[in-house]
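The values are calculated or read from the model by the stated rules, or taken from the named source; none is laboratory data. Owing to the predicted nature of the structure, the values given are computational and were not obtained by experimental measurement. Cβ coordinates were reconstructed from backbone atoms using ideal geometry, including for glycine residues, and neighbour counts include every protein chain displayed. Only protein heavy atoms, including side chains, enter the accessible area calculation; ligands, DNA and RNA are left aside. Shrake-Rupley method; radii C 1.70, N 1.55, O 1.52, S 1.80 Å.
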Amino acid sequence: MTTPGSQFGAGMALRRGTLTLQPSENLYNPRPGGIYYWTPPRGLNAVRIQYAGGGGGGGSGRRGIAGAIRCGGGGGGGSAVGEQFIRMYPECFQPWKITVGLGGLGGAGGSGAAASGNAGAAGGLTTIVIPGTNGIGVLALSAGGVIATTLTQAAAAGGGAGGTASTGTAGTAGTGHLAGQIGGAGSTTGLIGNQPAVLANFGACGGGSGGGVTTGNAVSNGGDGGIRDNIVSTELGFGVWGGSGAAASYTIDGTNGYMGLTIGRAGTGGSGGGSIITAATSGKGGDGVNGSGGGGGGAGLASTSTTAKGGDGGHGFVYIFLMW
């Protein structure tokens with residue numbers, strides 16, 4: 001199949017970012033969810049690749065009886081992010097096979113009898129197959145990207161677990177060149193959802209966990225989405241803020257994460273949804289963006305409340321900068 005994907009001309013200022021390509025560069029940016037065959041144009045000296053896999057989906061919250069702890073769903077993990085410079089040898093001008101991973105879907109919500117929430121799905125791997133024998137072969141660049149010369153595939157970003165009567169386990173971070181962020185875990189006592197620990201690199205952020213319900217039937221806000229360290233964000237052009245947690249006892253959803261301010265950067269995490277005990281629906285987890293994790297869904301009351309789904313993980317990305 002020919003390469004769909006977007007192709008930007010030399011010297012074009014790119015929308016949604018601060019990077020302007022130089023006259024000697026082009027950009028190839030295949031879309032998430034497809035398999036592409038890209039043939040590098042003859043005459044290239046090198047390429048620079050920025051990549052990430054899909055973020056993990058958030059889990060949905062628990063429904064339980066009054067007087068029992070009901071935990072919010074865990075936030076999905078963020079993908080690892082990497083950047084790789086590759087010199088073009090003659091063998092490398094054959095078609096490259098590129099698969100861009102999708103974000104994991106959030107765990108489904110539900111209604112009726114007491115039940116734990118459903119887990120979110122792991123993010124999809126982004127894979128680039130580069131022909132050639134000069135130290136270049138099959139690269140697994142994804143929720144766990146790797147340095148090109150290692151030819152080793154790393155782990156995808158994990159989905160958050162559904163809320164139970166004791167916790168909502170966070171989604172694992174994607175591992176690789178620059179590891180992603182672990183999602184926020186649901187409060188073990190049914191209190192406010194947790195925000196992931198601050199990330200000090202430019203991996204993708206995790207989602208916040210959903211709000212829980214305590215033994216005293218008190219409802220809670222969802223946790224904010226994962227963020228980056230201010231210094232990292234300032235120096236590397238990231239958005240600092242994750243999505244804001246949804247308020248408790250309202251059918252308000254968590255908010256989505258934010259895009260990086262510079263093209264080729266991962267997003268911040270989606271926030272968790274608030275919990276509820278009325279005959280309504282708890283807050284849905286916010287969605288991740290650009291490889292970040294989705295937020296967990298809020299908890300609810302059995303046979304009365306409907307629990308919403310966890311947020312979806314953000315899709316992965318691949319940016320290939322052509323250097324002439």
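Within the set of pairs 6+ apart or on separate chains, which have a first residue in segment 82-95 that is free of Cβ contacts under 8 Å to residues at least 40 places away in the same chain, a second that is part of a strand (DSSP E or B), and C-beta atoms under 7 Å apart?
As it stands, the answer is Phe85/Ala46; Phe85/Arg48, since those pairs meet every condition given.
From the list Gly34, Gly43, Gly101, Gly67, which one is buried (at least 20 other Cβ atoms within 10 Å of the Cβ) and small (Gly, Ala, Ser)? Give the derivation first.
Values: Gly34 fails: buried (at least 20 other Cβ atoms within 10 Å of the Cβ); Gly43 fails: buried (at least 20 other Cβ atoms within 10 Å of the Cβ); Gly67 fails: buried (at least 20 other Cβ atoms within 10 Å of the Cβ).
Sole residue among the options that is buried (at least 20 other Cβ atoms within 10 Å of the Cβ) and small (Gly, Ala, Ser): Gly101.
Can you tell me which residue within segment 108-129, out of those that are surrounded by fewer than 24 Cβ atoms within 10 Å (Cβ to Cβ) and not small (Gly, Ala, Ser), is modelled with the highest pLDDT?
Thr127
Does segment 277-319 hold any residues that are in contact with a Leu (Cβ under 9 Å, 6 or more places away or on another chain), buried (at least 24 other Cβ atoms within 10 Å of the Cβ) and either charged (D, E, K, R) or assigned to a strand (DSSP E or B) (or both), and which are they?
Lys309, Asp312, Val318
Within segment 175-184, identify whether any single residue is in a strand (DSSP E or B) and surrounded by fewer than 24 Cβ atoms within 10 Å (Cβ to Cβ), and answer yes or no.
Narrowing segment 175-184 to residues in a strand (DSSP E or B): 178.
Next cut, surrounded by fewer than 24 Cβ atoms within 10 Å (Cβ to Cβ) only: 178.
Yes, segment 175-184 contains at least one residue that is in a strand (DSSP E or B) and surrounded by fewer than 24 Cβ atoms within 10 Å (Cβ to Cβ).
Considering each of Gly212, Gly190, Gly208, Gly237 in turn, give the residue that is modelled with pLDDT under 90 and open to solvent by less than 40 Å² (accessible area, probe 1.4 Å). Before the answer, list the steps.
Working: Gly212 fails: modelled with pLDDT under 90; Gly190 fails: modelled with pLDDT under 90; Gly208 fails: modelled with pLDDT under 90.
The unique qualifying residue is Gly237.
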